[in-house]
Amino acid sequence: MNTTQALLEVRDLTVDYDLGGAAAWRRRTTTVLQGVGFTIAPGETYGLVGESGSGKSTTGRAVLRLADVTGGSIRFDGTDLATFGRETPLSYRRDVQAVFQDPAASLNPRHRVGRAVTDALRRHGVRGQRVREERAAEAFEQVGLQRAHLDRYPAEMSGGQLQRVAIARALVLRPRLVVCDEAVSALDLSTQSQIINLLADLQAQTGVSYLFIAHDLGVVRHISDRIGVLRRGVLVEEGTTHEIFTAPRHPYTRALLAASPASQPAGREERRARRLAVRAAAA
Amino acid sequence: MSAAVTVGRPASASPLRRQAASLAQAWRRLRHQPATVAALVALVLIAVAAAAAPLLAPFAPDETDFTAALSGPTAEHPLGTDDLGRDTLSRVIYSARTALLVAGGSVLVAMLIGVPLGLLLGYKGGWYDRLGSRGLDVADALPGLLVGFVVIAVLGRGMLVLIVAIGLIFCMNFARMTRAVTLTERKKPYVEAARVSGLPHRQVVFRQVLPNLAGPLVVQGAVFLGSAIKVESALSFLGLGLDESQPSWGGMLGLAAEHQADHPFMALPPGIAIVVTVLAFNVLGDGLNDALSGRRPTRRRRAARSAARPQRAGGIPPASAAVAEQHPRAERPVAAAQTVRPEPAALELRDVTVVADRPTGETVPLVADVALTVARGEVLGLLGESGSGKSMLAKAALGLLPAGVRLGSGSVLLHGRDIAGCSDRELREVRGRSLGVVFQNPQANLSPVHTVGRQLAEPLRAHLGMSRVQARERAAELLDLVGVDDPRRRLGQYPYQFSGGMAQRVAIAIALAGEPDVLIADEATSALDVTTQSQVLDLLLDLRERLDMAVVMITHDLGVVAETCDRVAVMYAGQIVETGAVRSLFDRPRHPYTAALLAAHPSADRDVDRLPTIPGRVPLAGEWPPGCHFAGRCPFVRPECTAGPVPLTDHVRCVRAAEIALEVSEVAHA
């Protein structure tokens with residue numbers, strides 16, 4: 001809210017995707033994000049919810065400079081990312097890290113998982129393999145893995161463990177913002193709650209901010225301070241977690257909340273009748 | 001090779017998969033590759049020249065003119081003549097015929113031998129594959145020309161022998177490639193789904209797997225056409241190919257070699273012809289490869305479009321008269337969901353044990369002593385995390401266990417009939433008629449190379465003996481039943497033209513085609529958006545009510561269970577730890593694991609500061625403790641918990657269930 005203190009400030013962000021067309025005059029584009037704006041304060045978790053195609057991942061990719069921005073601005077710590085030019089400075093790469101949905105796919109199956117962490121350290125100028133391994137081991141312990149896990153291959157680990165490796169890789173560089181794109185969606189319930197709590201603990205320890213992108217409203221509710229609701233590339237509603245869940249203003253937010261399964265069976269007949277009525281009314 | 005026992009999410013689609021549907025796109029990409037277009041033009045010209053040789057060539061290929069023997073280029077013989085005075089230009093043109101015939105024939109022979117061999121090895125797997133692949137390795141190690149020599153030595157010279165010889169040289173490559181593609185495709189859920197729908201192996205191989213090969217085969221074929229010409233030329237050059245009388249570029253080169261010193265120009269025309277033709281085939285192969293494996297730029301646009309299109313609102317369209325007729329059970333009011341009805345179970349699992357045979361010789365249990373019943377019209381939730389064995393249990397019930405995993409003991413009763421001991425053929429019939437299944441990834445469930453209408457009609461024709469017209473009619477009704485708009489038009493579309501939710505509706509329609517008594521939904525809505533998920537879940541509930549089907553809802557999502565299930569069985573590390581009516585299980589869980597799961601569930605309608613977690617992780621198959629499987633993570637553990645196997649007593653597998661009932665309930669509602 002307080003723009004002077006914002007760590008990340010996204011303003012009027014617009015992203016077009018190229019649909020191909022060989023020549024410049026035949027090129028067609030589609031707008032996947034339109035005028036999206038939000039801020040994230042240091043130590044804050046900003047939840048971004050929406051369904052597939054809503055542009056929530058694109059927002060994360062734009063912040064990570066993995067997607068080309070068509071319009072608007074993204075400022076990190078006061079610096080407009082557009083001033084970087086084509087090359088992203090190493091310092092930004094260190095400050096802004098990412099954890100993605102599929103940990104198995106984001107780790108090379110042929111490398112021992114410890115290498116994912118030591119490689120990141122080497123890239124960021126930490127000298128000495130011994131030092132790097134030591135820091136990797138510390139990072140592993142920080143995320144609840146053991147030193148012995150450093151020498152495992154991805155295939156030998158569970159999904160939850162692999163996601164811990166991914167988090168260790170992201171946090172070992174002491175970033176200030178981590179983009180978590182569906183970071184717990186692929187995990188089992190008991191593992192999921194462990195990882196959610198781990199992320200919260202690490203935030204308490206290091207003051208890192210999260211841009212937490214997820215489709216699961218329950219997960220977002222539990223981790224976010226503030227939430228933005230994206231629909232077809234437009235931020236339709238923004239508010240504190242409490243506001244979004246107790247007094248949603250936009251009809252789409254209300255529809256999303258109505259569609260998410262409840263935590264217990266009580267009242268489900270009424271919920272079903274209500275859903276059918278809403279769909280019938282919309283038809 | 002290793003017996004993989006993990007049940008993962010379906011692998012993402014390989015770029016090969018939507019080929020057939022994107023041929024038009026491939027063609028468009030091809031047109032933007034100038035080199036490929038040039039190669040194609042060159043090959044067409046060569047083919048035309050070969051076909052019209054008698055019209056184009058100034059002389060007959062064997063017409064001799066001793067007065068002009070060994071002449072260089074002249075007005076009469078623009079490319080000169082050979083030692084018998086035969087016109088080189090004419091011979092080059094006629095040789096194109098030979099080259100294309102031999103190349104085409106040999107590639108055809110290679111495919112006819114190699115493709116079935118590769119399909120057999122890849123699809124059968126196991127010992128077939130191990131022996132066969134080693135055989136391929138050995139065959140591959142033999143130098144190709146040597147194989148050619150041997151075949152020609154045995155069968156003598158001649159066009160047909162040459163074709164067979166070259167075909168044999170190349171068939172190993174086709175077999176190898178076919179095997180690789182088959183291996184990857186065989187494991188995909190849509191092939192499994194095809195098997196679930198009861199298709200015989202022959203059809204699975206030829207209709208599901210083979211179309212995926214079309215792209216790679218075309219590419220390889222083009223490249224090998226070029227290679228075949230090289231081999232043919234080499235053999236003819238050595239005098240082992242065709243007789244003197246048959247003009248061939250290789251033979252012409254051989255002759256030119258004899259006169260290398262005095263008439264070096266003679267080697268040029270056939271040499272250039274070989275180089276140009278082979279090069280054109282290779283460039284064409286490369287171009288085709290690029291065009292077929294190219295990224296599909298329209299995916300994003302399609303997603304955007306389907307998101308923009310308002311989802312079909314309202315649950316289920318009214319069933320057409322025919323649907324109601326074919327389901328005499330339909331419209332029967334559902335009895336109160338909570339009561340366990342006394343009528344015979346639609347599906348009953350008795351003491352089912354599933355084991356994996358590890359390569360080391362040990363046998364590892366994956367599912368232990370599961371007893372479970374599902375009544376007609378009931379929705380049973382099978383709740384568990386990954387590694388709980390819930391999907392393996394479903395596969396066991398379906399007779400679809402992967403290689404290396406088998407039913408250790410127990411029986412699967414469908415309306416009282418044990419199907420565990422059924423033959424493959426009987427099982428197919430059962431799966432087609434009595435058991436339907438929907439898997440997680442809708443796109444992977446459907447074959448990418450066939451229209452939705454065809455995939456719907458196939459089981460109808462196979463199991464219900466419908467005619468083509470009837471099947472199409474019924475397919476449209478089924479699509480209508482599951483809420484797909486404009487079903488007749490959409491029958492002609494391919495799966496990629498459907499959004500995720502719509503594709504899952506199609507998968508459900510296919511599962512319903514055989515009018516099954518039991519529908520197994522294995523994480524069927526886990527990959528969908530929440531609004532789509534709620535629509536598909538409401539659809540399943542509606543179908544259950546209208547068709548009085550039993551539904552087994554396999555899921556890790558407590559919310560899905562809460563919204564849809566009548567009864568729940570909670571699985572942990574291969575065992576059922578608790579079963580109960582859904583409300584009492586959520587209100588008063590009796591097993592500590594159930595309670596911990598309920599507590600760890602982050603829900604949109606509940607606000608807690610910090611999620612309670614379950615320390616540690618699910619023990620892997622083979623590392624189960626002798627006593628209670630949950631003991632290592634349980635806050636209520638006592639020495640007696642680890643003493644020995646814990647039986648399921650009064651629907652809960654916990655030795656302390658009675659004494660800790662209150663505390664366990666409190667954990668869930670902390």
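The values are calculated or read from the model by the stated rules, or taken from the named source; none is laboratory data. No experiment lies behind these values; they were computed from the predicted model shown. Cβ sites come from the backbone with ideal geometry, for glycine too, and all protein chains shown count toward neighbours.
Restricting to the stretch A:242-260, and then to whatever is in a loop (DSSP other than H, G, I, E, B) and touching a Leu at 6+ places or on another chain (Cβ under 8 Å), can you tell me which residue is nearest to the other protein chains (Cβ to nearest Cβ)?
First pass over the stretch A:242-260, keeping only residues in a loop (DSSP other than H, G, I, E, B): A:247-250, A:260.
Imposing the further condition that a residue be touching a Leu at 6+ places or on another chain (Cβ under 8 Å) reduces the set to A:248, A:260.
Details: A:PRO248: 11, A:SER260: 5 Å.
The extreme case among them is A:SER260.
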- Residues in the stretch B:492-501: is at least one at pLDDT below 90, under 28 Å from A:VAL184 (Cα atoms) and of a type outside the set (Gly, Ala, Ser)? yes
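Restricting attention to the stretch B:506-558, report how many residues are in a helix (DSSP H, G or I), within 26 Å of B:TYR572 (Cβ to Cβ) and either in contact with a Pro (Cβ under 7 Å, 6 or more places away or on another chain) or in contact (Cβ under 8 Å) with a residue 60 or more places away in the chain (or both). First the steps, then the outcome.
As a first pass, look at the stretch B:506-558 and keep what is in a helix (DSSP H, G or I): B:506-512, B:530-547, B:558.
Now drop any that are not within 26 Å of B:TYR572 (Cβ to Cβ), which leaves B:533, B:537, B:540, B:558.
Applying the additional criterion that residues be either in contact with a Pro (Cβ under 7 Å, 6 or more places away or on another chain) or in contact (Cβ under 8 Å) with a residue 60 or more places away in the chain (or both) yields B:540, B:558.
So the answer is 2.
Given the structure, is A:LEU235 part of a loop (DSSP other than H, G, I, E, B) and either closer than 26 Å to A:PRO42 by Cα or in contact (Cβ under 8 Å) with a residue 24 or more places away in the chain (or both)?
Details: part of a loop (DSSP other than H, G, I, E, B): no; either closer than 26 Å to A:PRO42 by Cα or in contact (Cβ under 8 Å) with a residue 24 or more places away in the chain (or both): yes.
Judged against the criteria, A:LEU235 is not a match.
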- Those residues that are free of Cβ contacts under 8 Å to residues at least 24 places away in the same chain and either part of a loop (DSSP other than H, G, I, E, B) or within 11 Å of chain B (Cβ to nearest Cβ) (or both), I need them from the stretch A:261-273; list them, please. A:PRO261, A:ALA262, A:GLN264, A:PRO265, A:ALA266, A:GLY267, A:ARG268, A:GLU269, A:ARG271, A:ARG272, A:ALA273
- Spot the failing condition for A:PRO175; the list is (1) modelled with pLDDT under 90; (2) part of a loop (DSSP other than H, G, I, E, B); (3) more than 11 Å from chain B (Cβ to nearest Cβ), and only one is missed. (1)
- Go through the residues of the stretch A:181-200 one by one and say whether even a single one is touching a strand residue (DSSP E or B) at 6+ places or on another chain (Cβ under 9 Å), in a helix (DSSP H, G or I), surrounded by fewer than 24 Cβ atoms within 10 Å (Cβ to Cβ) and at the interface with another protein chain (Cβ under 8 Å from one of its Cβ atoms). yes
- Task: Starting from the stretch B:430-447, keep only residues that are farther than 14 Å from B:GLN504 by Cα, then list their pairs with residues that are assigned to a helix (DSSP H, G or I) and among the hydrophobic types (A, V, I, L, M, F, W, C) whose Cβ atoms are within a distance under 7 Å, requiring at least 6 positions of separation or different chains.
- Result: B:ARG431/B:VAL196; B:ARG431/B:LEU398; B:GLY432/B:ALA462; B:LEU435/B:LEU398
- Message: Any residue that is under 22 Å from A:ARG221 (Cβ atoms), modelled with pLDDT of 95 or more, among the hydroxyl-bearing types (Ser, Thr, Tyr) and within 14 Å of the chain's Cα centre (by Cα) - is there at least one of those in the stretch A:29-42?
- Response: no
- Go over the candidates B:THR564, B:THR532, B:THR525 one by one and state the one that is surrounded by fewer than 24 Cβ atoms within 10 Å (Cβ to Cβ), in the same structural domain as B:LEU382 (by TED's automatic domain parsing) and among the hydroxyl-bearing types (Ser, Thr, Tyr). B:THR532
- Query: Restricting to helices (runs of 4 or more DSSP H) lying wholly in the stretch B:350-466: which have 2 or more residues that are out of contact with any strand residue (DSSP E or B) (no Cβ under 9 Å at 6 or more places or on another chain)?
  - Reply: B:424-433, B:442-445, B:452-464
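Checking the conditions here, which among B:PRO602, B:PRO647 is assigned to a loop (DSSP other than H, G, I, E, B), free of Cβ contacts under 8 Å to residues at least 12 places away in the same chain and crowded, with 18+ Cβ neighbours inside 10 Å? Reasoning before the result, please.
Numbers: B:PRO647 fails: crowded, with 18+ Cβ neighbours inside 10 Å.
The conditions single out B:PRO602.
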- Task: Take the stretch A:72-129 and flag every residue that is among the polar types (S, T, N, Q) and either under 27 Å from A:GLN161 (Cα atoms) or in contact (Cβ under 8 Å) with a residue 60 or more places away in the chain (or both).
- Result: A:SER73, A:GLN97, A:GLN101, A:SER106, A:ASN108, A:THR118, A:GLN129
- Item | Complete set of residues in the stretch A:143-200 that are without any contact (Cβ under 8 Å) to a residue 24 or more places away in the chain and under 21 Å from A:HIS111 (Cα atoms) | A:LEU145, A:GLN146, A:ARG147, A:ALA148, A:GLU156, A:GLN161
- Task: Return the residue satisfying two criteria in turn: it lies in the stretch B:560-600 and is of a type in the set (Phe, Trp, Tyr) and over 36 Å from the mean Cα position of the chain (by Cα), and of such residues it is nearest to the other protein chains (Cβ to nearest Cβ).
- Result: B:PHE586
- Query: Only one of (1) over 33 Å from the mean Cα position of the chain (by Cα); (2) within 8 Å of chain A (Cβ to nearest Cβ) fails for B:ARG617. Which number is that?
  - Reply: (1)
- Message: If I ask for residues that are under 18 Å from B:ALA550 (Cα atoms) and crowded, with 18+ Cβ neighbours inside 10 Å, which ones from the stretch B:414-440 would you list?
- Response: B:LEU414, B:ILE419, B:VAL430, B:ARG431, B:GLY432, B:ARG433, B:SER434, B:LEU435, B:GLY436, B:VAL437, B:VAL438, B:PHE439
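Going through the stretch B:381-400 one residue at a time, which ones are more than 14 Å from chain A (Cβ to nearest Cβ), surrounded by 20 or more Cβ atoms within 10 Å (Cβ to Cβ) and at negative phi?
Step one: list which residues in the stretch B:381-400 are more than 14 Å from chain A (Cβ to nearest Cβ), which gives B:382, B:392-400.
Those still in the list that are surrounded by 20 or more Cβ atoms within 10 Å (Cβ to Cβ) too: B:382, B:392-399.
Result: B:LEU382, B:MET392, B:LEU393, B:ALA394, B:LYS395, B:ALA396, B:ALA397, B:LEU398.
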- Go through the stretch B:182-204 and give me each residue that's modelled with pLDDT of 75 or more and crowded, with 22+ Cβ neighbours inside 10 Å. B:THR182, B:GLU185
- Just give me the residues in the stretch A:221-241 being within 8 Å of chain B (Cβ to nearest Cβ) and basic (Lys, Arg), in sequence order. A:ARG221, A:ARG232
- Of (1) buried (at least 20 other Cβ atoms within 10 Å of the Cβ); (2) of a type outside the set (A, V, I, L, M, F, W, C); (3) in contact with a Gly (Cβ under 7 Å, 6 or more places away or on another chain), A:SER263 fails just (1)
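Of the residues B:LEU242, B:LEU217, B:LEU255, B:LEU235, only one is in the same structural domain as B:LEU168 (by TED's automatic domain parsing), surrounded by 18 or more Cβ atoms within 10 Å (Cβ to Cβ) and over 24 Å from B:ALA280 (Cβ atoms); which? Let's see the steps before the verdict.
Numbers: B:LEU242 fails: over 24 Å from B:ALA280 (Cβ atoms); B:LEU217 fails: over 24 Å from B:ALA280 (Cβ atoms); B:LEU235 fails: over 24 Å from B:ALA280 (Cβ atoms).
Just one listed residue meets the conditions, B:LEU255.
Could you run through the stretch B:458-471 and say how many residues are in contact with a helix residue (DSSP H, G or I) (Cβ under 6 Å, 6 or more places away or on another chain) and modelled with pLDDT of 90 or more? Steps first, answer last, please.
Narrowing the stretch B:458-471 to residues in contact with a helix residue (DSSP H, G or I) (Cβ under 6 Å, 6 or more places away or on another chain): B:459-461, B:463, B:466, B:471.
Cutting the leftovers down to modelled with pLDDT of 90 or more gives us B:471.
Selection size over the stretch B:458-471: 1.
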- The one condition B:TRP624 fails out of (1) within 36 Å of the chain's Cα centre (by Cα); (2) within 14 Å of chain A (Cβ to nearest Cβ) is (2)
- Within the stretch A:77-89, identify whether any single residue is away from chain B (no Cβ under 14 Å), surrounded by 13 or more Cβ atoms within 10 Å (Cβ to Cβ) and part of a strand (DSSP E or B), and answer yes or no. yes
- What do you reckon, is A:GLY218 touching a strand residue (DSSP E or B) at 6+ places or on another chain (Cβ under 7 Å), farther than 22 Å from A:LEU7 by Cα and within 10 Å of another protein chain (Cβ to nearest Cβ)? no
